[in-house]
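Colleague: Please find one structure pasted underneath; my questions will follow.
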Amino acid sequence: MRSVTNRRDDVDVAAVRRAVRSIAESPRYDDWLLEMPDHVLHAVAAPLEMLVFQYYLTPPKDRMLVRAARVVWDSVADSLEDCPADMATAYASLGTALSPRAEK
């Protein structure tokens, strides 16, 4: 299992928030839950609930959103090929958003 970090300053939080929005507000969100294979659902259900909660939390807590996003990504990254194509694309954008920013 990969190590999860609490740091948020090594990623673009706005990009993470956009990627999370594409998942949480997708018109296919409920369909994805029904269509994803059982092994993916078992791995991602609880982390996904945490992620969506953090996304809608007011006021936003960027550090917790990034941490929740990393947990979801770690849960689903190795199973994207088993998922519906549009879901895999949305989750892959989350992985991209979590990539460390280039050094300035």
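The numbers here are math on the coordinates, done by the rules we state, and not lab data. Fair warning: this is a prediction, and the values are worked out from it, not measured in the lab. Reconstructed Cβ throughout: ideal geometry from the backbone, glycine too, with neighbour counts over all protein chains shown.
Colleague: Between Asp78 and Asp12, what is the spin-label point distance in nm, taking each point 7 Å from the Cα along the Cα→C-beta axis?
Modeller: That separation, rounded to one decimal, is 2.9 nm.
Colleague: How long is the gain from Arg63 to Ser22 if the chain were fully straight, where each residue apart is worth 0.36 nm and the alpha carbon distance is subtracted?
Modeller: 12.9 nm
Colleague: Given 0.36 nm per residue, what is the gain on full extension from Ala46 to Tyr29 after removing their alpha carbon distance, in nm?
Modeller: Gain on extension, Ala46 to Tyr29, equals 4.6 nm.
Colleague: Peptides 87-95, 73-81, 35-43: what's the order by average Cβ count within 10 Å, highest mean first?
Modeller: The peptides rank, most packed first, as 87-95, 73-81, 35-43.
Colleague: In addition: Using the charge dipole of region 13-97 (Lys, Arg: +1 at Cβ; Asp, Glu: -1 at Cβ; taken about the Cα centre), state which of Thr96, Val72, Ala14 has its Cα farthest towards the positive end.
Modeller: Ala14
Colleague: May I ask you to give the average projected area over all directions of the convex hull of the Cα atoms of region 13-97, in nm² rounded to one decimal?
Modeller: 4.7 nm²
Colleague: So how strong a dipole does the chain carry about its Cα centre when Lys and Arg Cβ are +1 and Asp and Glu Cβ are -1, to the nearest 20 debye?
Modeller: Computed about the Cα centre, the dipole is about 700 debye.
Colleague: Just from its helices, what would the mean residue ellipticity at 222 nm be for the chain, if runs of 4 or more DSSP H residues each count -39500 (n - 2.57) and the sum is divided by every residue, rounded to the nearest 500 deg cm²/dmol?
Modeller: -20000 deg cm²/dmol
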